[in-house]
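Asker: Before I ask anything, here is the structure I am working with.
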């Protein structure tokens, strides 16, 4: 779902079922570039837990995996000046190519050294990266991927959080918020938007999980929340639709 939504935002035409088939190594009929985008995204997201969120080298590796075979020199910052055109006007003029390396280095220093809530820093990074537009292509999917990387290092639950789905369902708002932040010269509007998206995604994930998770999935998900000591009641607060007996069986198996 995450891969489908993130690529759909960028114009990929493959359905969620087709992407699932590719994950299962089944043959799919579709545009070659769309299929390659999906295969690249699968590899990039499969490595989610291996990236260092504070490393520009790791960041460039992720871009190389995402864009391999789709553009020249994937995994390298752009050396050309770029702008985003909507209709007959320039919606965003990115900083000069000569400044990209310095700006991205400064952004990673902020991410590593600033004492702010990680949620806030992840949103700031996402926005500032989109503003810098460090690559000729793949900036949108890299911004969304790297926010997941940043958050999942501290909170593994974010590996399973498809907030791209909510962005995909209302792409216009996503781009409008980016534009509004550009006009104001700061990221507050975008931060507020992304926090709402993340909050709603968590609600939907828990609701979906309650209905469809198997025992091993529930245990894996609960473990990823890093709660520490807890009771059966705490467990049932997360999985509201299971019975007390089911919770007991889950926890007994988890202990074993």
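Asker: Of 125, 239, how do they rank once you tally other Cβ atoms within 10 Å and put the fewest first? Walk me through the numbers on the way to the answer.
Answerer: Values: 125 21, 239 18.
Neighbour counts put them in this order, fewest first: 239, 125.
Asker: To continue, here is another question. Name the most mobile residue of 235, 174, 221, meaning the one with the largest mean-square fluctuation, in a Gaussian network model of the chain with Cα contacts below 10 Å.
Answerer: 235
Asker: Per residue, how big is the convex hull around the C-alpha atoms of the range 81-207? Give it to me in cubic angstrom, could you?
Answerer: Hull volume normalised by residue count: 106 Å³.
Asker: For helix 171-184, what angle does its Cα long axis make with the longest principal axis of the chain, in degrees from 0 to 90 and rounded to 10?
Answerer: Here the helix axis deviates by roughly 60 degrees.
Asker: Given a Förster distance of 35 angstrom, what is the FRET efficiency for residue 29 paired with residue 199, based on the Cβ-Cβ distance and rounded to 0.05?
Answerer: 0.35
Asker: Same structure again: Largest first and in whole Å, give the semi-axes of the range 2-154's equivalent ellipsoid, each being the square root of 5 times a Cα gyration tensor eigenvalue.
Answerer: 26, 20, 14
Asker: Oh, and also: Work out the P(r) tail for the range 105-171: percent of alpha carbon pairs separated by more than 16 Å, whole number.
Answerer: On the way: 1058 of 2211 pairs.
Across the range 105-171, Cα pairs with separations above 16 Å total 48 percent.
Asker: Can you give the helix-only mean residue ellipticity at 222 nm for the chain, where every DSSP H stretch with n ≥ 4 adds -39500 (n - 2.57) and the sum goes over all residues, rounded to the nearest 500 deg cm²/dmol?
Answerer: Values: 13 runs with 166 residues, N = 256.
Only helices count here, giving -20500 deg cm²/dmol.
Asker: OK, next. Tell me the angle of helix 32-46 to the major Cα principal axis of the chain, expressed in degrees between 0 and 90 and rounded to the nearest ten.
Answerer: 60 degrees
Asker: Let me ask something else about it. What whole-number value in cubic angstrom gives the convex hull volume per residue for the C-alpha atoms of the chain?
Answerer: 145 Å³
Asker: Work out the P(r) tail for the range 1-52: percent of alpha carbon pairs separated by more than 19 Å, whole number. All intermediate terms of the calculation are to be shown ahead of the outcome.
Answerer: On the way: 267 of 1326 pairs.
Summing the P(r) of the range 1-52 above 19 Å gives 20 percent of all pairs.
Asker: Here's something else I'd like to know. What nm value, rounded to one decimal, do you get for the distance between residue 116 and residue 173 when each label is placed 7 Å out toward the C-beta?
Answerer: Taking the simple label geometry, residue 116 and residue 173 are separated by 2.2 nm.
Laboratory data are not the source of any read-out in this text; all were calculated from the coordinates shown. Computed from a predicted model, the values in this text were never measured in an experiment. Neighbour counts run over all protein chains shown; Cβ positions are idealised from the backbone, glycine included.
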